Amino acid sequence: MTKNTTFLKDVNDGLSQKVKHISSKYFYDKKGDQLFQQIMEMPEYYLTNCEMEIFKEQSEAIISAFNINENQEFELIELGAGDGKKTQYLLEKLLEKHLKFKYIPVDISQNSLDVISTRLKKIFPNLHIEAMQGEYFQVLEALFQSKNPKIILFIGSNLGNLNDEVAHDFLHKLSDNLKWGEKLLLGLDLIKSKNIVLPAYNDSAGITKAFNINLLERINHEFGADFNLEKFDHFPYYEEEEGIAKSFLKSKIKQSVFIKALNKSFEFAEGELITTEVSRKYNDKILNKILENSNMEIQEKFLDSENYFADYILTKK
Ligand code: AVI
């Protein structure tokens, strides 16, 4: 199946359910990538600044925790690399130390990979970089072909966009591929109060709204659908006890939407929701539960000054 037919099938399946949903992995077309870049600049979206601070201030300590053998070339693999602006601090320090490594950014978006490769080659002419396009689950095998030791970066709380079961399966699969002592640097947003989390998913400039609605625009473009973008609202939700920020698209009226590529109409009641994203927030207990029996354990945790965000170093046992 091509990427596009999988997307079409997922749209059909998701909109045919009693509780409608479309996966957030489809947010990231070219416009979606740009909107996400803008979200990261929003004052309400604290995640990026907090993790940036950790990388800026604590890269030296993070590298120590990696326990790198200076005589051995290793691979630094970044899953969901995005724009690489945080990783830049780590790369700078690794290069300063003349450590031998290849940086492999992996992303679903070829566009993001092109941007990151061009930018990093300009800043670090000596950096050995080899980008890989694909979805995390699908590229794992290809990534573990080489015998060199690996350090995996999975930052930006990207894990949070997977529900707990999928996150569990993913980390277990990743762990199965790691050798004893190899590390995973896992950046996770921590559970905190609603008055901080909710605005991050509902910025006053309306960028997150545009990011969510762009999913419908994408379906219009790619599959000849007639979603009226004015007739859907961005609806964010967060409760601290649950610790999961959720985004929905809410139908403002009772309406019918035709998708040409499926030759099918879908009915929406007034106020009906389409789930488009979950962004889980974590604490040690939740992470340990997900890691149960994975043969990976928390070795160290780096926090920002507000204690909003954590970069965990996990070690394979
Ligand atoms: C990529 N991911 C970790 C972001 C998040 O916070 O869940 C995506 C995002 N969705 C809305 N704003 C940002």
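Laboratory data are not the source of any read-out in this text; all were calculated from the coordinates shown. Values in this document were obtained by computation on a predicted structure and should not be read as measured data. Reconstructed Cβ throughout: ideal geometry from the backbone, glycine too, with neighbour counts over all protein chains shown.
Taking the Cα atoms of the chain, the ratio Rg/Rh between the radius of gyration and the Kirkwood radius comes to 0.98.
Computed per residue of the chain from DSSP H runs no shorter than four, each worth -39500 (n - 2.57), the mean residue ellipticity at 222 nm is -12500 deg cm²/dmol.
Please go through the residue pairs 56/173; 192/281; 25/285; 85/122 and name each one whose alpha carbons sit more than 19 Å apart in this structure. From 56/173; 192/281; 25/285; 85/122, over 19 Å: 56/173; 25/285.
Which helices, counted as full DSSP H runs in the chain, have an axial Cα extent of no less than 18 Å and a Kyte-Doolittle average of -1.0 or above? What comes out of the filter, once short or polar helices are dropped, is 3-16, 46-66, 110-123, 164-177, 207-223.
Could you work out the relative contact order of region 54-190? I mean the mean sequence separation of Cα pairs under 8 Å and 6+ apart, divided by the number of residues, in percent. Result for region 54-190 is 26 percent. Taking only the alpha carbons of region 65-135, we obtain Rg and Dmax values of 11.9, 35 Å in that order. Once you divide the Cα radius of gyration of region 159-212 by 2.2 N^0.38 Å, the number left is 1.59.
Full extension of the chain between residue 179 and residue 25 gives 52.5 nm of extra length, using 0.36 nm per residue less the Cα-Cα distance.
Normalised Debye scattering of region 1-95 at q = 0.19, 0.22 Å⁻¹ gives log10 I(q)/I(0) of -0.99, -1.13, counting only Cα atoms as equal scatterers and leaving out solvent.
Past 28 Å, Cα to Cα: identify those pairs from 30/100; 86/179; 194/264, in the order given.
Check vs 28 Å cut-off fails for 30/100; 194/264.
Rg/Rh for region 79-236 stands at 1.01; both radii use Cα atoms, and Rh follows the Kirkwood definition.
The trypsin sites (Lys or Arg not before Pro) of region 161-247 that DSSP puts in a loop, and whose beta carbon has at most 16 other beta carbons within 10 Å, are 179. With one equal scatterer per alpha carbon and no solvent term, the Debye-computed log10 I(q)/I(0) for region 206-317 at 0.11, 0.18, 0.20, 0.22 1/Å reads -0.56, -0.90, -1.02, -1.17. Between the alpha-carbon centres of region 90-161 and region 242-296 there is a gap of 28 Å. Among 245, 61, 81, the residue with the largest mean-square fluctuation in a Gaussian network model of the chain, with springs joining Cα atoms closer than 10 Å, is 61.
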